[in-house]
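**Student:** The structure under discussion is supplied below as structure tokens; questions concerning it will follow.
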Amino acid sequence: MLDKDIFPWLKNDRQPTDIEVSRAATIVADRLCGNLADPIIRNAQEQRQLSTIRNWLENRGYSYIETGSGLQFDQLNPGSFSFRMNISVKQPKGSKQINIPIDTIIMPFNSQVGELPLLIEAKSAGDYTNTNKRRKEEAIKINQLRNTYGKSVNFILFLCGYFDSGYLGYEAAEGIDWIWEHRIDDLALFGV
């Protein structure tokens, strides 16, 4: 399972040179650091994104509802929002239900009785390669939500960082729209 491009001496069953050992150690150390640091950075970026959303909403008169208050996502009053709420969805091909986390739930001021709130996933990426590994996560979520609550589910992404046309095209094909963090005022386009 060793990468013989990183450890080329293994191909020929020979002793490595000092340069090869140094190069391999540098690559392994870089990958280890990235593996440890990437989730920390992503979590910090997500916290910053949620803080940005909260400030934007509160400046427009929205009220924050603490998660864990027992309120379900479809019971929010108009003009309120919450973070990291679990939503119960049906599993495909069965009656089993699971909870999926949603980063932000917003019930716009002009919401009518029975309307579902706007659901937002905060996504950040430090490079293009990571987004392609994660793009199916949102497609799975939107399909689970639609299978449970119907086509009227309004689910968007709040993006920051490197998201290329391949990622955006994949999400658009699933019917998922997005706004960029640096254009947060575009939330108004979704009735917020």
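The values are calculated or read from the model by the stated rules, or taken from the named source; none is laboratory data. Every value quoted in this text rests on a predicted model; they were computed, and no experiment measured them. Every residue, glycine among them, receives a Cβ derived from its backbone with ideal geometry; neighbour counts consider all protein chains shown.
**Student:** List, please: which pairs have Cβ atoms under 7 Å, are six or more places apart or on different chains, and start with a residue in region 139-155 that is without any contact (Cβ under 8 Å) to a residue 12 or more places away in the chain and end with one that is not charged (D, E, K, R)?
**Tutor:** So the pair list comes out as Arg146/Val153.
**Student:** Surrounded by 14 or more Cβ atoms within 10 Å (Cβ to Cβ), modelled with pLDDT of 80 or more and among the aliphatic types (A, V, I, L, M): which single residue out of Leu76, Leu71, Leu32 fits that description?
**Tutor:** Going through Leu76, Leu71, Leu32 in turn, the sole match is Leu76.
**Student:** Between Thr104, Thr17, Thr67, which is farther than 22 Å from His182 by Cα and touching a Phe, Trp or Tyr at 6+ places or on another chain (Cβ under 7 Å)?
**Tutor:** That would be Thr67, the only listed residue that is farther than 22 Å from His182 by Cα and touching a Phe, Trp or Tyr at 6+ places or on another chain (Cβ under 7 Å).
**Student:** Testing Asp186 on (1) over 20 Å from Phe73 (Cα atoms); (2) within 16 Å of the chain's Cα centre (by Cα); (3) among the acidic types (Asp, Glu), one condition comes back false. Which one is that?
**Tutor:** Unmet for Asp186, out of (1) over 20 Å from Phe73 (Cα atoms); (2) within 16 Å of the chain's Cα centre (by Cα); (3) among the acidic types (Asp, Glu): (2).
**Student:** Among (1) more than 19 Å from Glu58 (Cβ to Cβ); (2) outside any helix (DSSP H, G or I); (3) not acidic (Asp, Glu), where does Ala139 come up short?
**Tutor:** (2)
**Student:** Answer with yes or no whether Glu58 is free of Cβ contacts under 8 Å to residues at least 24 places away in the same chain, closer than 16 Å to Ile184 by Cα and among the acidic types (Asp, Glu).
**Tutor:** yes
**Student:** Which of the residues spanning region 173-183 are surrounded by fewer than 16 Cβ atoms within 10 Å (Cβ to Cβ) and either outside any helix (DSSP H, G or I) or under 15 Å from the mean Cα position of the chain (by Cα) (or both)?
**Tutor:** Result: Gly175, Asp177, Trp180.
**Student:** I want to confirm something. Restricting to region 151-163 and keeping residues that are in a loop (DSSP other than H, G, I, E, B) and either basic (Lys, Arg) or under 12 Å from Ser124 (Cα atoms) (or both), which single residue is farthest from the chain's Cα centre (by Cα)?
**Tutor:** Lys151
**Student:** Here are some conditions: (1) within 24 Å of Asn43 (Cα to Cα); (2) in contact with a helix residue (DSSP H, G or I) (Cβ under 6 Å, 6 or more places away or on another chain); (3) part of a strand (DSSP E or B). Asn86 meets all but one. Which one does it not meet?
**Tutor:** (2)
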